[in-house]
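**Q** Before I ask anything, let me first share the structure, which is written out below as structure tokens.
The values are calculated or read from the model by the stated rules, or taken from the named source; none is laboratory data. Remember, predicted model here, so these are calculated numbers, not experimental data. Cβ atoms come from the backbone with ideal geometry, glycine included; neighbour counts cover every protein chain shown.
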Amino acid sequence: MHYDLIIIGMGLSGLMAAKTALDLKKRVLLIGKGMGGLTLFSNTIDILGRIPENLNLKDGLFEWIKDHPEHPYSKIGVEGIEEALSSFISIFPPPYTFQSLNGRNAKLPTAIGTFRPTYLFPSTLAGGTYLKEGNTLIVGFKGFKDFYAGYMAKEFKCRHLTLSLQDEGRSELTATYLSRLMEKEGFRERIGSQIKNALKGESLVAMPPILGLRDPMDAKKHLEAITGVEVFEIPTLPPSLLGMRLFNRFKEYLLERGVDLLIGNKISKVQIKSALCEGIEVYHPPITRFYSADHFILATGRFIGGGLEAERERISETVFHLPVWSTRSQDKWFGENFFDDHPIHGFGISVDPSFRPLDSEGKPIFENVRVIGTILSGHHSLYEGSREGIEISTGYWGAKRLLE
Amino acid sequence: MTLSSKKRDSLKRNADLCIRCANCMAVCPVSRVTPLFPGPKHAGPGAERFRRPGELSVDEWVDLCIGCHLCDSVCPAGVPISELNLLAKAKSLDERGRPFRDWLLTHSYLYGWGGVLFSPLTNRLLRNSMVKRLLETILKIHRKSPLPDYQSPTFRQWFKGRSSRGGKKIAYFYGCFTNTNEIDVGKATVEVLEAIGFEVVLPPQDCCGLPMLGNGDFNGAIKKGRKNLSSLLRTIRSGMEVLYTSTSCGFMIKHEYAHLLELPGSEDLAKHTFELFEFLRTLKESGNLNFHFKKLPVKAGYFAPCHLRALGIGFPAFEILKLIPGLESKVIEADCCGMGGTFGFKKEKYEIAEEIGKDLREAIDRLNPELILTECEGCRLQIRHLTGLKVLHPIQILRDALRSSSDQEVFDVGDALKNKIGLKS
């Protein structure tokens, strides 16, 4: 099979690149060894969490780009980032859409009772921006171990209600099962009235992100009609239904435009001829299939996505064996706190302005391979709060600069 | 259970690759609708740590795994989750004993001929509500489950009565269901292949063994596999490729014979076995497929069955259908129909199958199609049952769009064809 473009990796950057290429009417194969990591994250869109609170995002990004010439954002520029974000938002029409808080970072509550800055968030999370001491009833479910309402209530100095669904047959509940229940009107009426009776002057109700997979805004509005107060979701542990909503919408959009989708297919070999990649081999026991393309985009992420692998003495890139760039030698790989500015987050692939991977002398290695997403060097996305921003903007521009 | 101990050990060892990311928990169609199944992460790699040879199973719920492979496909660590479930299911059934019902559901190839021979009677009986109640009480087959009709003559008998057209020989593995219950799928396949210049050969064949495998009967599945291999290897060695129209039979032959059951010769066979539309797509890519379709103004929903997804070939039928002018086809946004081969027939699982099917039915309602197309016979039974719509294998609609018509018909071809495929009956 021959394609205009093969995209390797099904996370947000791969999905965004596929969307961009299909909008340009290209024939695209999107292949992932799993389904990407969207169900691992809360899927609010972090652009740059580290902006001082008095700055809006645009000004913050200008400053950031000035100070970080090696950062992926510096290859795109502020206007480029904005264009990519509008392309992303365009496939989420209301009612379930993404919004910002007046062009600034919003502080949204987390399931461990803290606040974290993020830029775009889905409509079901919006109520979280109003959470204050005493104004929110936090609702959890007995047996749903991914969301402890009592703990959060203590941290936020609010009250909580833990609903018991004893008639549901098993002591343990999962996120997908709860969301399925929530899709039923009768269930919403039942718990809606329990919540209403428990309210003591609160103006908000917080829940785990279980307002259904397909039409969460319908569930939200229905619960609001019953309780008389605004209902919102607080993101929690995987599996993230917020991520599933996002992945399902992308999948629907891409399939409508004729993408070929191979979920659960690991690349066993790439076929290279001098500076060109000719195709990829996929071993699917007991046979091997070959897919060729004019262009390739690598969007495999770092360690969590499996794009980078740490061995005892080196870090390697798993598909094309590209040189992995880091400023630090091996004895400095270690750090106290994974979520802090940990050295391991400094590893990545170095690219030119059109996202072609570079060798140690700064020359492009392949003519027809582009690298996008968090596997790029020059950022510490977890620490910066820039993960989704990097994925969306490099996904969009990686494909656009290649194909236009 | 006669899976090699080496294979079993390697599957079990892979349980430790699980990074607990919960991707599988996001997609499992069963744990989404019932809390009785704890989900793939817990049932597969999680519970694996508590399973010791010689100790009794404590996880009867593993029997609720529907075997759709969705968990395997989304796993970033490559844990063979559904295979771990299958091993555990087999062990638990070995201990508890298998109900006669399971034997009956997985051995239709033994009594299918009887169903065909007395088809008017069988069909009437299987639709009778008293009989259905008896089936439920005695055999634990749910009275509302969509039992298939039998057709006479069988596909093989129909084929025997035809004269050869000549052309390059190609073998067809039609599967039990095409032979006794949906013979038009076989007829359409033969007509299309002949229309593009092939001579169709039906090699000797038996049940692929997938129903047994799905019910944890490795022994039975291996026996079927060996039998089919000896016939199909002869076929490919005589220079023919083997095509299949049932994605479930195909997945079994192409992947499970080799990957899971490790049957000798299966790797060779896999290299020469193709899904029908995958084969047509290859012909098209190499410029060797020249269809002349007539306009077929029908709004169709296409559903990709789980075993097609597991084959990793994309949606080739959906691609080829796009060539038919006027046919407006859209992918149905759902991952599982709930039938799971024999899962949805069972009394204790019927409600779960119905609940799973609800997502699919709602997705179909949103599309509002006149017709549903899907490659799997189980999905077709279930979708007819869920929606009451006409459900066909994609090859049937392709055949209808190819059929020659007189010039007169060209002006009113839409309605004429709609009549032919029964939309206006």
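**Q** When you look at A:Thr114, is it in contact with a strand residue (DSSP E or B) (Cβ under 8 Å, 6 or more places away or on another chain) and surrounded by fewer than 17 Cβ atoms within 10 Å (Cβ to Cβ), yes or no?
**A** So A:Thr114 does not fit the description; no.
**Q** If only one of A:Ala153, A:Ala219 is more than 10 Å from chain B (Cβ to nearest Cβ) and in contact with a helix residue (DSSP H, G or I) (Cβ under 9 Å, 6 or more places away or on another chain), which one is it?
**A** A:Ala219
**Q** Same structure again: Residues that are in the same structural domain as B:Lys187 (by TED's automatic domain parsing) and more than 22 Å from B:Thr189 (Cα to Cα): find the helices (runs of 4 or more DSSP H) completely inside region B:211-275 holding 1 or more of those.
**A** Once the helices (runs of 4 or more DSSP H) in region B:211-275 are filtered for at least 1 residues that are in the same structural domain as B:Lys187 (by TED's automatic domain parsing) and more than 22 Å from B:Thr189 (Cα to Cα), what remains is B:218-237, B:266-271.
**Q** Check every one of the helices (runs of 4 or more DSSP H) wholly within region B:67-110 and list those with 2 or more residues that are within 14 Å of another protein chain (Cβ to nearest Cβ).
**A** B:70-74, B:81-96
**Q** Identify all residues within region A:1-47 that are modelled with pLDDT under 95 and of a type in the set (D, E, K, R); write none if there are none.
**A** Scanning region A:1-47 gives a single hit, A:Lys33.
**Q** Being more than 25 Å from the chain's Cα centre (by Cα) and without any contact (Cβ under 8 Å) to a residue 24 or more places away in the chain is the filter; apply it to region A:226-269 and report the residue that is farthest from the other protein chains (Cβ to nearest Cβ).
**A** Only one residue fits best here, namely A:Lys269.
**Q** May I ask you to verify whether A:Lys75 is closer than 30 Å to B:His69 by Cβ and at pLDDT 95 or above?
**A** In short, no.
**Q** Has region A:270-282 got at least one residue that is within 11 Å of chain B (Cβ to nearest Cβ) and within 23 Å of B:Arg309 (Cα to Cα)?
**A** Yes, because at least one residue in region A:270-282 is within 11 Å of chain B (Cβ to nearest Cβ) and within 23 Å of B:Arg309 (Cα to Cα).
**Q** Here is a follow-up. Consider only pairs whose beta carbons are under 6 Å apart and that are at least six residues apart or on different chains; among these, list those whose first residue lies in region B:26-39 and is within 7 Å of chain A (Cβ to nearest Cβ) and on the phi < 0 side of the Ramachandran plot and whose second residue is assigned to a helix (DSSP H, G or I) and of a type in the set (S, T, N, Q).
**A** B:Ala26/A:Thr39; B:Arg32/A:Thr176
**Q** Among the residues of region B:219-234 satisfying the criterion of being surrounded by fewer than 23 Cβ atoms within 10 Å (Cβ to Cβ) and in contact (Cβ under 8 Å) with a residue 40 or more places away in the chain, which is nearest to the other protein chains (Cβ to nearest Cβ)?
**A** Filtering region B:219-234 for residues that are surrounded by fewer than 23 Cβ atoms within 10 Å (Cβ to Cβ) and in contact (Cβ under 8 Å) with a residue 40 or more places away in the chain, the one nearest to the other protein chains (Cβ to nearest Cβ) comes out as B:Leu229.
**Q** Let me ask something else about it. So which residues in region A:8-29 are among the β-branched types (Val, Ile, Thr) and either more than 14 Å from chain B (Cβ to nearest Cβ) or part of a helix (DSSP H, G or I) (or both), if there are any at all?
**A** Hit for region A:8-29 is A:Thr20, nothing else.
**Q** Is there a residue in region A:40-48 that is part of a helix (DSSP H, G or I) and touching a helix residue (DSSP H, G or I) at 6+ places or on another chain (Cβ under 8 Å)?
**A** yes
**Q** If you don't mind, there's one more thing I want to ask. Report yes if some residue within region B:14-23 is within 25 Å of the chain's Cα centre (by Cα), within 14 Å of another protein chain (Cβ to nearest Cβ) and basic (Lys, Arg); otherwise report no.
**A** No, region B:14-23 contains no residue that is within 25 Å of the chain's Cα centre (by Cα), within 14 Å of another protein chain (Cβ to nearest Cβ) and basic (Lys, Arg).
**Q** Oh, and also: Name the one entry in A:Gly113, A:Gly143, A:Gly134 that is of a type outside the set (A, V, I, L, M, F, W, C) and either closer than 30 Å to A:Gly60 by Cβ or touching a His at 6+ places or on another chain (Cβ under 8 Å) (or both).
**A** Exactly one of A:Gly113, A:Gly143, A:Gly134 is of a type outside the set (A, V, I, L, M, F, W, C) and either closer than 30 Å to A:Gly60 by Cβ or touching a His at 6+ places or on another chain (Cβ under 8 Å) (or both), namely A:Gly113.
**Q** Of the residues that make up region B:212-222, is at least one of a type in the set (Asp, Glu) and under 25 Å from B:Ser10 (Cβ atoms)?
**A** Taking every residue of region B:212-222 in turn, at least one turns out to be of a type in the set (Asp, Glu) and under 25 Å from B:Ser10 (Cβ atoms).
**Q** Can you tell me which residues in region B:86-116 are aliphatic (A, V, I, L, M) and either buried (at least 21 other Cβ atoms within 10 Å of the Cβ) or under 16 Å from B:Arg8 (Cβ atoms) (or both)?
**A** Of everything in region B:86-116, those that are aliphatic (A, V, I, L, M) and either buried (at least 21 other Cβ atoms within 10 Å of the Cβ) or under 16 Å from B:Arg8 (Cβ atoms) (or both) turn out to be B:Leu86, B:Leu87, B:Ala88, B:Ala90, B:Leu93.
**Q** Given the conditions (1) in contact with a Leu (Cβ under 9 Å, 6 or more places away or on another chain); (2) farther than 23 Å from B:His42 by Cβ; (3) not polar (S, T, N, Q), report the number of the one that A:Gly140 does not fulfil.
**A** (2) is the only condition that A:Gly140 fails.
**Q** Name the single residue that is surrounded by the most Cβ atoms within 10 Å (Cβ to Cβ) among those in region B:316-337 being farther than 22 Å from B:Glu275 by Cβ and in contact with a Phe, Trp or Tyr (Cβ under 9 Å, 6 or more places away or on another chain).
**A** That would be B:Gly326.
**Q** While we're here: Any idea how many residues of region B:36-73 are modelled with pLDDT of 90 or more, under 24 Å from B:Gly344 (Cα atoms) and in contact with a helix residue (DSSP H, G or I) (Cβ under 7 Å, 6 or more places away or on another chain)?
**A** Result for region B:36-73: 20.
**Q** What residue, among those in region B:68-85 that are crowded, with 24+ Cβ neighbours inside 10 Å and touching a Leu at 6+ places or on another chain (Cβ under 7 Å), is nearest to B:Met25 (Cα to Cα)?
**A** B:Val79
**Q** Name the strands (runs of 3 or more DSSP E) wholly within region A:192-290 that hold at least 2 residues that are surrounded by fewer than 18 Cβ atoms within 10 Å (Cβ to Cβ)?
**A** Passing ranges, in order: A:267-273, A:276-284.
**Q** Here is a further query. Quick one: which strands (runs of 3 or more DSSP E) lie wholly within region A:295-404 and hold at least 3 residues that are surrounded by fewer than 24 Cβ atoms within 10 Å (Cβ to Cβ)?
**A** A:308-310, A:315-317
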